[in-house]
Amino acid sequence: MESLVNTVNNIVWSPALVVLCLAAGLFYSILTRFAQIRHFREMVRLLFSPNESTKGISSFQALAVTLSGRVGAGNIAGVAAAIGFGGPGAIFWMWVVAFLGASTAFAESTLGQVYKVDEDGQYRGGPAYYFEKALGQKWLGILFALSAVLACGIFLPGVQANVVGNAVTQVFGDGNMVQTYFGDVGKNKIISLAVILIVLGFIIFGGIKRIAHFTQVVVPFMALAYIIMAMIIVFLNIDKVPGVFALILGDAFTAKAGFGAAIGWGVKRGIYSNEAGQGTGPHASSAAEVDHPAQQGLVQAFSVYVDTLFVCTATALMILITQQYNVITEDFDMVTGAGAVIVQNVPLTTEVASSAFTQLALSSIFGHLGQVFVGLALFFFAFTTILAYYYIAETNVAYLGRYLNKKSSMLFWVKVVIMIMVGYGTVNQAGYIWNMGDIGVGLMAWINILGIIAIFFVAKPAIMCLRDYEAQKKAGGPIRFDPVKLGIHNAPFWEKRLAKQQAEDEKNL
């Protein structure tokens, strides 16, 4: 199984996908005239607009749901893996992916809003919907929906659940060992699994509203607490900060850790972490209640900054300032010692593809409290990410259910399957589970990035939305969206909404 997973992962994450991700970000950055910079203040303003409704969630809640997917194990364990295999220079390429990816996130989330639907009393949307409506290609929508269900319903929850289980044992230890089909599992991990499944079941059976209300409290609090802990380490070692940034920038373009390894791991972990272009962000974005599609696109561009430039950078600074890391080649074997060791600061037995570097960094300053904090942060980050994955899987099952006439039963079974995968991931000890997650990310990224580029050449809806929003803002409002006026077709939600607004205007005259 491990050999098969690794082979497929190497095919999906070929250099072509790395180039495609960077090129797509640059493409939309130029087309939007670097809106991720020009509209930074507007992003922050829109973030706190009180626009929740009975059918939709607020922009802040949509950001929280999206961040619950973006801010997860990738920010703690993923950054450590990027440094461990790609060297400090990999962090620079994570920054590049975040900067360019913010424009990709704007485009895909704007498209999600334009082509969303009002279905079953709530807003739904995402790549499957905009591929069908913008390109007129149902097969592509179905293909993405299947890949999203496979990735977010099966592959990715196991990664996060594995992190949650390990986080619990970091804080409380294994406890008595219990023999199971999956090998010996600590009693504390089994207890944590029971708690996780009970809470997870309660939340996911409550729908997007319950998910949004939970994540809007947990995600900002944990992200802020995590960044504060990192800033304390930075403050206590302020004299080392210039050297750390020099190390990151210098290592990004040298062969010290392998030029290709730095770019490859930086881009891979950057996309895994911030999900820009992956096609996951538009699902929560489509559920938001906004006056104009471009507004939610800008909010989601900001979420990429929060994830990578804030949280991932916080992790990187902690690890590099305290020098609690190694740099090895991917083929390094801890048992035989085969493979190359490029930098060694901690024992070679330290697991690279885990939160170990981050844990060591915090422990070096805060002692056992640091270890406990990493465990708690991993628990909440990973748990909320599972919730986001469930919502994405649910949305795409709902899309597929329209063609199979078995929506209700399919929605029930996706809840069951994701809970099974959470159980499997929690007790599973196999290292290849991260590569399974990478396959899921890569499949969605391939389809979504090629799709949103194709949509530009067919209709340019995201760019027209941005220009329309900028023009209305300059004119002083009111902000309304008329897809027909812009030549955007198959956007019935917004056509009906505009007609209703115009009818109310006439009534008030």
**Request:** Tell me, please, whether a residue that is crowded, with 24+ Cβ neighbours inside 10 Å, of a type in the set (Lys, Arg) and over 20 Å from LEU17 (Cα atoms) can be found in the stretch 135-152.
**Result:** no
**Message:** So, in the stretch 462-498, exactly how many residues are farther than 21 Å from GLY125 by Cα and in a helix (DSSP H, G or I)?
**Reply:** 8
**Fill in**
Taking first residues from the stretch 127-146 that are farther than 22 Å from VAL441 by Cα and touching a residue at least 12 places away in the same chain (Cβ under 8 Å) and second residues anywhere that are part of a helix (DSSP H, G or I) and not aromatic (Phe, Trp, Tyr), the pairs with Cβ under 7 Å that are 6 or more apart or on different chains are ALA134/LEU111; ALA134/ILE455; ALA134/VAL458; ALA134/PRO461; LEU135/ALA454; LEU135/ILE455; LEU135/VAL458
**Complete:** The residue that is surrounded by the most Cβ atoms within 10 Å (Cβ to Cβ), considering only those in the stretch 97-132 that are modelled with pLDDT under 85 and closer than 30 Å to ILE83 by Cα, is VAL97
**Request:** Identify the residue in the stretch 192-240 that is at pLDDT below 70, assigned to a helix (DSSP H, G or I) and more than 19 Å from the chain's Cα centre (by Cα) and, among all such residues, is farthest from SER303 (Cα to Cα).
**Result:** GLY207
**Message:** Where the second residue is assigned to a helix (DSSP H, G or I) and of a type in the set (Asp, Glu) and the first is free of Cβ contacts under 8 Å to residues at least 12 places away in the same chain and surrounded by 23 or more Cβ atoms within 10 Å (Cβ to Cβ) and lies in the stretch 378-405, which pairs have Cβ atoms under 8 Å and are six or more apart or on separate chains?
**Reply:** none
**Message:** I'm checking my understanding of the structure. Among residues of the stretch 25-42 that are in a helix (DSSP H, G or I) and either touching a Gly at 6+ places or on another chain (Cβ under 6 Å) or polar (S, T, N, Q) (or both), which one is nearest to GLY277 (Cα to Cα)?
**Reply:** GLY25
**Item:** Sole residue being within 25 Å of VAL19 (Cα to Cα) and at pLDDT 90 or above, chosen from ILE449, ILE439, ILE488
**Value:** ILE449
**Request:** Mind listing whichever residues of the stretch 348-368 are among the hydroxyl-bearing types (Ser, Thr, Tyr) and not in a loop (DSSP other than H, G, I, E, B)?
**Result:** THR358, SER363, SER364
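The values are calculated or read from the model by the stated rules, or taken from the named source; none is laboratory data. Computed from a predicted structure; not experimentally measured. In this analysis, Cβ positions are derived from the backbone assuming ideal geometry, glycine residues included, and neighbour counts consider all displayed protein chains.
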